[in-house]
Every structure is written in C-alpha cells, then in structure tokens.
1. From the phi of every residue in the range 326-342, what ³J(HN,Hα) in whole Hz does the Karplus formula 6.51 cos²θ - 1.76 cosθ + 1.60 yield, where θ is phi - 60° and glycine or proline is x?
2. What lysines could a cross-link reach from Lys12, if we take a straight Cα to Cα line under 16 Å and drop same-chain neighbours fewer than 8 places away?
3. Over the alpha-carbon set of the range 209-328, work out the extent along each principal axis and list the three values in angstrom, largest first.
4. At most 13 other C-beta atoms within 10 Å and a DSSP loop state: those are the exposed trypsin sites (Lys or Arg not before Pro) I care about. Give me the longest piece of the chain that has none.
5. Counting GluC sites (Glu not before Pro) as exposed when in a DSSP loop with at most 15 other beta carbons within 10 Å, what is the longest stretch of the chain free of them?
6. In terms of modelled amide H atoms, which long-range or inter-chain residues lie less than 5 Å from the amide H of Val164?
7. For the range 132-204, restrict the atom set to alpha-carbon positions and state the Rg and Dmax in Å.
8. Give the calculated FRET efficiency between Glu33 and Arg152 to the nearest 0.05, with a Förster radius of 35 Å applied to their Cβ-Cβ distance.
Amino acid sequence: MSVESFVHAMPKVELHVHLEGAIHKERLLIIAEQNEIAEANKRFQSWVDLLDNPDYDHLTELVTTTMTWLEHPDDLTHVTYELGVALAKQNIRYAEVSVNPINFTEHGWTFDQFLSALNDGRDRAERGWGVQMRWNLTVERDQPRHADEIVRWASSATAQNGGVVGVNLNGSERVQPVGQFERAFRTAAKKHIPTAVHAGAQMGLEGIREALEHLEPARIIDGWGLAESPDVQEMLIENQIALEISQKRARSHGWVEADTEYPLRQLVDAGLTIILGSDMPTYYHSNLNDEYLAAVQQGGLSVDELEAIALNAVECSQQSPQDKAAMIDAFKQAYEQLREEHLDEEVT
C-alpha cells in the first residue's frame, strides 16, 4: 500500500469546488446535443475544443457560454447528481459547492427553479451515494449589479431551507474595485451569511488587503502573495480567516511552473489555517485527491499535516457544531485505521 492509496481512502470535506467547473465534457456534449446547441451557435466546435485545452485567461467566458447549454432544470439536476457521484468516489462525505445563480436566472429561470433543480440532484446523490452537498452562491466581479440580489436570495427562507450556506466573490480583481461589493457583503454579515473572496490572483497582496479591509470574509481563496508577507499572514491568523488554495489552479494559470514551486510549506509553517480545494476540476484536470497527494509528494507535507488540513475543512464548514464534532471524531478514527492499512511507520 502507499500514500496514494491512503489519500484516496481518506474521508474528506470539499469546501471549494465550482459546479460550473466540475461538469464532465461528455455530459456537456450530451446536453448540447439534446438542446440542439450546435445548430444555434456557429462557434460551437471552437467552444468544444476549449473544454480540453482551455484558455485560462478567458475561462470565465468559456464557463458562461457552456452554462447556456443547460436550458432545462433537468440538465442542472443531472450535472449536480454527477458531481455528487464524483465527490463520493473520492471519499468526500460533505461538500460546499459554489454556483452562480445568474447563469440560469438571466435565461428565464426563477431562483426557486434554480434551487429546486440543484436540490433534486443533491438529494439523489445523497440517497444513492451518501454524500452531502450544500451551496455557496457565487457573485462574479464582472456582475456587481447582481451582488445585492444574490445576497438577498442567500438570506431568504427558501435558500436557507434549501441548503444555501454562504456567498463567494469570484473573478478577476481588476474587473471591478472591491468597493462595488462592500454593501452586499455588509448585508451578508448582518444576516449571518458566511462569505469567501478570491483575492491575490491578479493584484497580489494589494488585492488581499483590500478584500480583508472592505469585505471581511471568513475565508480567502487563492491568497497568492501571502507567503511573502508575514504581516498579512498575521491578519488572517488574528481574525481566524482560513486560506483556501488549489495548487493545480496555480499551475494552470502560470503562477508556478510545477507543484513543487507552490509555497505550501511556508504557508503551513506560518500557522495559517489551510484548506485544499479542487476549484474547477474539469478545467484544471485534477480533483481533491490530486490536491491532497500533491501536498505530500510535491509540497513536502507529512501525513500528520495532511490530516490536520483535512480536519481544517471540517472545522471551517457550515455544518452544525454537533455535526462537525461527530465528523471530526469519525475522521480521526478512520485515519488511525487507514494508517495501519496503507502506511509504513516511517511514512508518517
């Protein structure tokens, strides 16, 4: 047995995966054929080609386009169910999935139809595979006019009863100043809706500082540049703000040339609360198991440290305190048993 088999067998929690970036190409093509997308879109084949070799500088445009192929609630239900199956096959027991409702409401769906379609797929996956999924509604930086609307949806009784657990700000930091979203995030805080912000990818430490100052998120996603700034690291630690990262995302966007160059060791040693996520597995050609394995094989972490990161995700999730405590106990027991089955003592 090996570290790889141990990682695959570990029970896990996934807190950062985008539904739009986790749909298999085969499913997208089936949906496109059923909905006769090729006949209506002259650039259809060029979009299909990008599914295998995406232009990462224009990934948002690719995602926005492919989401228009999902014309019916059943389409969304199918892809949600398949995401649940994919998560379960990685031994992910609970996931908070990011999804942008505007991709669907701008094409005639109501928010209730959107959420009902998600939950139909979620419920099928939970019954069949035992995985739980909850929802983070995504606000895109190039859509500031929708920020207040999305927070209002997230705080509604329909959303709260339908598994919505947070709001994420996504997209390029250079598209809109962060102040455009300050009012919406203040509203979210008043409504006790947890928030997360992609920051650092384009603006480095400046973008992270702005996000912390103006939006006060519970989690920072990416955080590129943090390894060079003990001061900003301390801001996250003091305010108990977790850092969600995807090493494969960093490599895909050219921030590093190899996983070995990602400063994971420095971030862990700094005492930050690290969470690993797959982000957009279809386009980054990876999944959460790949992220975990890279953390050990290329990132230099020990199995003890990897287990701590896995438990960070449980602790930072939006499950009830009782459910978190029960899951942490169950995970710890599972890890102890899996070590005996998969690892030699010197590996840990």
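Computed from the coordinates by the stated procedures, all read-outs in this text should not be read as laboratory data. Treat the numbers as computed from the prediction; the structure is a model and nothing was measured. Positions of Cβ are backbone-derived with ideal geometry, glycine not excepted, and every protein chain shown enters the neighbour counts.
1. 5, 5, 4, 4, 5, 5, 4, 5, 5, 5, 4, 5, 5, 4, 5, 7, 10
2. Partners within reach: Lys89, Lys324, Lys332.
3. 38, 34, 27 Å, listed from the longest principal axis down.
4. Working: sites that count: Lys42, Arg43, Arg174.
No qualifying site falls inside 175-348, the longest such stretch.
5. Working: sites that count: Glu36, Glu106, Glu257.
Counting at most 15 other Cβ atoms within 10 Å as exposed, the longest clean stretch of the chain is 107-256.
6. Excluding prolines and chain starts, which carry no amide H, the hits are Trp135.
7. Radius of gyration, then largest Cα-Cα span, for the range 132-204: 12.1, 37 Å.
8. Working: r = 36 Å, r/R0 = 1.04.
Calculated transfer efficiency: 0.45.
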